[in-house]
Amino acid sequence: MRFVIALTLCFLFHSSLWAWGAVGHKTVAYIAQDRLTPEARKAIRKLLGPGQSLVSVCTWADTVAHSNRTETAPWHYIQVNVREEQNRYDLADVCRDHQCVVDQIERDEKVLWDKWASLSAKREALKFLVHFVGDVHQPLHCAEDDDRGGNEKWFRYYGSKRGGRYTWVNLHSFWDNLLETHAKESPRKLSLQLEQSITPDEASAWQTDSPKDWAYESFRVARDNIYSELPSGPLLEKNRWGRDLPEDYYGPQMKQIVYERLEKAGVRLAYVLNQIFQGE
Ligand SMILES: [Zn+2]
């Protein structure tokens with residue numbers, strides 16, 4: 001029994017933070033890296049030090065949230081209720097004590113803009129920023145349905161890639177790992193594929209520097225495309241029939257959503273960094 005509880009706690013904690021998994025975060029970092037200006041590229045190389053890059057540091061924030069920096073855990077998400085009327089102006093009320101992904105992105109940007117901030121403070125802010133811009137584009141990091149952002153909504157899922165059997169999945173970690181379980185692509189390959197489909201018009205329309213807008217966009221995707229079909233509230237009982245996610249859940253429609261979220265995250269991260277590091 002103790003083992004089961006430990007395992008459950010471990011899984012809940014793990015899954016609530018592991019946004020996009022490594023494939024998603026690295027894909028975002030590659031897209032951003034490829035769009036940096038020479039000045040930004042140089043400044044980032046200098047800041048991160050030899051052998052480091054946006055890609056190599058992009059999952060660091062998940063690692064520290066699990067170990068010695070547990071106070072950073074709330075910085076990975078903002079929980080906006082999908083069953084209530086919301087608009088972008090309401091998000092500030094949801095960000096309790098300014099401890100959410102929106103306010104944290106703003107804080108990290110501020111440190112990077114600050115010419116008096118220490119090198120180590122800037123380095124840390126950059127490592128957080130590259131991760132959180134990814135997280136804020138994961139729809140379930142900006143939504144909740146009295147289910148802790150999908151962590152308490154359990155479904156049965158039949159996966160031929162999961163040993164050809166039913167497994168229990170919670171919506172949040174299932175979404176975080178959509179890419180992990182299905183994508184054949186490496187993050188590098190996937191990023192190149194996505195970069196080719198980003199048109200200059202799209203990129204300039206996406207290039208905004210308001211994390212609040214990015215979060216609100218994620219929230220709307222979660223509300224309209226993910227939660228609208230699902231029963232409301234937590235679904236904790238695991239032994240009932242009729243709560244199956246279809247095997248083809250990650251079909252063309254969801255794939256399109258995931259790819260666009262990753263593209264937008266990469267374009268916006270580059271845009272923000274290019275602004276900060278211009279002419280350094
Ligand atoms: Zn995260």
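Every number in this text was worked out from the coordinates using simple rules, so none of it is lab data. Note that the structure is a prediction, hence the values are computed from the model and not measured. Don't worry about glycine lacking a Cβ; one is built from the backbone with ideal geometry, like all the others, and counts go over all protein chains shown.
Figures for the structure shown
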| item | result |
| --- | --- |
| Count - residues of region 221-230 that are within 17 Å of the chain's Cα centre (by Cα) and surrounded by fewer than 17 Cβ atoms within 10 Å (Cβ to Cβ) | 1 |
| Subset tally (residues that are surrounded by 24 or more Cβ atoms within 10 Å (Cβ to Cβ) and farther than 14 Å from Glu106 by Cα) for region 136-158 | 13 |
| Filter pass, Asp103 being over 24 Å from Ala43 (Cβ atoms), more than 19 Å from the chain's Cα centre (by Cα) and among the acidic types (Asp, Glu) | no |
